Amino acid sequence: MPSCFCREGLVAALASPYNPAMAPPLLMLTDTHLTFGGTPLLEGADLNVRPGERLCLVGRNGSGKSTLLKIAAGLIESDAGDRFVQPGTTLRYLAQEPDFAGFKTAIDYVFAGLGPADDERIAHRLLERFNLSETQDPATMSGGEKRRAALARTLAPKPDILLLDEPTNHLDLPAIEWLEKELRSVRAALVLISHDRRLLETLSQSVLWLDRGKTRRLDEPFANFEDWRDRILEDETVNRHKLDRRIASEAEWVVKGVTGRRKRNMGRLRALQSLRQDRREQRTATGTVSMTVSDADMSSKKVIEVRNISKAYDGQTVVEATSLRILRGDRVGIVGPNGAGKTTLLNMIIGTLKPDAGTVKIASTVKLASLDQGRAALSPTETLEHALTGGGGDHVEVGGQPRHVIGYMKDFLFQPEQRYTSVSALSGGERARLMLARALSTPSNLLVLDEPTNDLDLETLDLLQEMLADYAGTVIVVSHDRDFLDRVATSVIASEGDGHWQEYAGGYSDMLTQRANAPKQGTDGDAVSPAKSSKSKPPKGAKPNRAKMTFKDQHALKTLPDTMAGLEAKIAAFEATLSDPTAYQRDSAAFDAATKNLSTTAKKLAAAEEEWLRLEMLREEINASR
């Protein structure tokens, strides 16, 4: 193979199925080192990108993902290490914060990213698809409009390699789903940083994990990453016990927290399924249906009662005759395109905006805490400790109990030495964590979160989900993160267009399923079922195929919770044995046996949990079809 990989050869390589063993890398970073302010950020990181590859780059906030991507794009130089790009290879890089300086219109900005051989018609098409005016001044664009313009500039040239840093930030769900489809169809190699699990699971073929300055590669889709990562961290824990030594403080949470949190999340998912079932039994989707409950029925269990509220701006209706009932313990998601009126609906629900018509009744016992999308409540000059305590000492009251600020900071992945760090010196992810910590420490029984997942890494998202699962009150969340809604929400309020809002039981995926199964309007105005509107009709007299649960399935569904509880108890006993620093010295054979038994039992528990979830989903499907 000649050292110069020509354009014709590249096209031929991209046209054939991706084979990492045969194609030479288009881009290579080898033994990359970089230090900022005396602290090493990258310590021997590697990155190889082959034609047509789909690689996701993951790691905690502050681990150096964006920096590594900038080095790959040639925007900054490393202190040591080699960067190689095959001659003739074209790259396009999407930054988290694109620079629009010097551009008067959107089309000027997009055209500036085109090469001599690129087709300008693609740029026009992308701006139209993103619903952007070609003559709009970038200075007047919202965050979402800037992100769409930057994506148009990145995608229009059809490069050999796409380097994308959080491409879904500020995008609404329709735009995210369109982008996901577009990226699946491009022939360019893709390196992607994102907190959107659903996007990573859909697009990735390989995973590059940046952890403590070094990279590890998994040549499998992202769906397999977390189990693989947990095995690595568990091996580190075992080695730590064997050597009877302490690991670095900055790695403590990584090794101890991630695997434990993942194990707890399965139990929390079971609790969420129970909450969703309670909601189905207690109430139906109300959407635009008028409520008939009397005021006397407002008890402490009912948090908010919304009756036929409407709101319009400049003659355009954003909320039309919508009624809702939110109960204590509900986790309600609000979804819809940008401009649909999500924030307007939210503000009317919580009483900060008066509707044009209808009523909102909020229980007198409600105490509200909120997290705004812009993190505007943080003062850039105050310290992290002051932001949490308000200057009132060194303790924070959480759930009615005093917590030392250092311990509470560590819950949100801050180090003790950051106690006096100013807010202005924090990264976007750290500011997001600080706002979450402050919101959750505020005495409340109603928590309102507007785009809480922005700037959060995957581990912090797990932390947020755990915090919300433990929260004793009611949660209302506006989010475009599909996986987050599936993991958190007991119901979803979705925009149906023209100011109409409909509530669906379950998470985002449940909403899509219910929408697909809902009756549709025919041309004559009569409701027609999806089967009738389909081109292919079942034979006359044929019975529809329905999911069935065998006696064995029913028995397993009843007995698996006890089985899982027993396995969890065994795991706890093995972990207690291994946690003794002197266990290996006292009896190395018993230590090794406990290590082996822990691994075997953990696998049995994972298999039991997967089977329980499969059967629970089957049961819900059967109940929904009745």
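Taking the stated definitions as given, is LEU55 under 18 Å from VAL85 (Cβ atoms), outside any loop (DSSP other than H, G, I, E, B) and at pLDDT 75 or above? Against the criterion (under 18 Å from VAL85 (Cβ atoms), outside any loop (DSSP other than H, G, I, E, B) and at pLDDT 75 or above), LEU55 qualifies. When restricted to residues that are touching a His at 6+ places or on another chain (Cβ under 9 Å) and more than 18 Å from LEU449 (Cβ to Cβ), region 318-338 contains 4.
Within region 538-580, the set of residues being farther than 22 Å from TRP612 by Cβ, surrounded by 10 or more Cβ atoms within 10 Å (Cβ to Cβ) and at pLDDT below 70 comprises just one member, PRO538. Considering (1) within 29 Å of TYR508 (Cα to Cα); (2) buried (at least 20 other Cβ atoms within 10 Å of the Cβ), the lone condition that ALA106 does not fulfil carries the number (1). Against the conditions (1) farther than 23 Å from HIS170 by Cβ; (2) within 26 Å of the chain's Cα centre (by Cα); (3) surrounded by 21 or more Cβ atoms within 10 Å (Cβ to Cβ), VAL396 satisfies every one except (2).
Inside region 159-171, residues that are touching a strand residue (DSSP E or B) at 6+ places or on another chain (Cβ under 9 Å) and either over 24 Å from GLY59 (Cα atoms) or aliphatic (A, V, I, L, M) (or both) make up a count of 6.
Would you please name the residue that is modelled with the lowest pLDDT, looking only at residues in region 216-263 that are of a type in the set (Val, Ile, Thr) and over 22 Å from the mean Cα position of the chain (by Cα)?
Filtering region 216-263 for residues that are of a type in the set (Val, Ile, Thr) and over 22 Å from the mean Cα position of the chain (by Cα), the one modelled with the lowest pLDDT comes out as ILE247.
Here GLY390 passes the criteria (1) in contact with a strand residue (DSSP E or B) (Cβ under 6 Å, 6 or more places away or on another chain); (2) without any contact (Cβ under 8 Å) to a residue 12 or more places away in the chain; (3) closer than 19 Å to SER370 by Cα except the one numbered (1). Where strands (runs of 3 or more DSSP E) fall wholly inside region 278-335, no range has 3 or more residues that are modelled with pLDDT under 50 and over 17 Å from SER495 (Cα atoms).
Taken together, the residues in region 217-229 that are surrounded by fewer than 14 Cβ atoms within 10 Å (Cβ to Cβ) and part of a strand (DSSP E or B) amount to 1. Taking SER479 as the residue in question, decide whether it is touching a residue at least 12 places away in the same chain (Cβ under 8 Å), more than 23 Å from SER66 (Cα to Cα) and surrounded by 21 or more Cβ atoms within 10 Å (Cβ to Cβ). In short, yes. Selection within region 207-216: residues that are touching a residue at least 24 places away in the same chain (Cβ under 8 Å) and either of a type outside the set (Lys, Arg) or in a strand (DSSP E or B) (or both). The member of this set that is farthest from LYS603 (Cα to Cα) is GLY213. Just to be sure, is LEU434 in contact with a His (Cβ under 8 Å, 6 or more places away or on another chain), closer than 22 Å to ASN169 by Cα and not acidic (Asp, Glu)? No, not satisfied.
Just checking: which of the helices (runs of 4 or more DSSP H) contained wholly in region 395-495 hold 2 or more residues that are outside the structural domain of ILE176 (by TED's automatic domain parsing) and at pLDDT below 85?
The qualifying helices (runs of 4 or more DSSP H) are 405-411, 428-441, 458-470.
The residue pairs whose first member lies in region 50-78 and is hydroxyl-bearing (Ser, Thr, Tyr), whose second member is assigned to a loop (DSSP other than H, G, I, E, B), and whose beta carbons are closer than 7 Å, counting only pairs six or more residues apart or on different chains, are SER66/GLN96. In summary, THR344 fulfils each of the numbered conditions (1) in a helix (DSSP H, G or I); (2) assigned by TED's automatic domain parsing to the domain that holds GLN465; (3) in contact (Cβ under 8 Å) with a residue 40 or more places away in the chain with the single exception of condition (3).
Pairs under 6 Å by beta carbon, first residue part of a helix (DSSP H, G or I) in region 178-206, partner of a type in the set (Asp, Glu) and surrounded by fewer than 23 Cβ atoms within 10 Å (Cβ to Cβ), six or more apart or different chains? Partner pairs satisfying both residue conditions: ARG197/ASP483; ARG198/ASP483; LEU199/GLU180; THR202/GLU180.
Tell me whether region 497-505 contains one or more residues that are in contact (Cβ under 8 Å) with a residue 12 or more places away in the chain and assigned to a helix (DSSP H, G or I). No, the conditions are met nowhere in region 497-505.
For every residue, the table says whether it meets (1) crowded, with 22+ Cβ neighbours inside 10 Å; (2) closer than 29 Å to THR381 by Cβ; (3) without any contact (Cβ under 8 Å) to a residue 24 or more places away in the chain; (4) more than 18 Å from the chain's Cα centre (by Cα).
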{"position": "VAL423", "(1), (2), (3), (4)": "no, yes, no, yes"}
{"position": "GLU430", "(1), (2), (3), (4)": "no, yes, no, no"}
{"position": "ASN445", "(1), (2), (3), (4)": "no, no, no, yes"}
{"position": "LEU456", "(1), (2), (3), (4)": "no, yes, no, no"}
{"position": "MET467", "(1), (2), (3), (4)": "no, yes, no, no"}
{"position": "ASP470", "(1), (2), (3), (4)": "no, no, yes, yes"}
{"position": "GLY473", "(1), (2), (3), (4)": "no, no, no, yes"}
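In the same structural domain as ASP553 (by TED's automatic domain parsing) and either modelled with pLDDT of 85 or more or farther than 30 Å from TYR504 by Cβ (or both) - does that describe any residue in region 611-619? Looking through region 611-619, none of the residues is in the same structural domain as ASP553 (by TED's automatic domain parsing) and either modelled with pLDDT of 85 or more or farther than 30 Å from TYR504 by Cβ (or both).
For region 482-504, the tally of residues that are closer than 25 Å to SER310 by Cβ and crowded, with 22+ Cβ neighbours inside 10 Å stands at 9. Residues that are surrounded by 14 or more Cβ atoms within 10 Å (Cβ to Cβ), outside any strand (DSSP E or B), modelled with pLDDT of 85 or more and of a type outside the set (Gly, Ala, Ser) within region 360-375 comprise just one, VAL366.
The values are calculated or read from the model by the stated rules, or taken from the named source; none is laboratory data. Computed from a predicted structure; not experimentally measured. With ideal geometry, Cβ positions are generated from the backbone for all residues, glycine too; neighbour counts draw on all protein chains shown.
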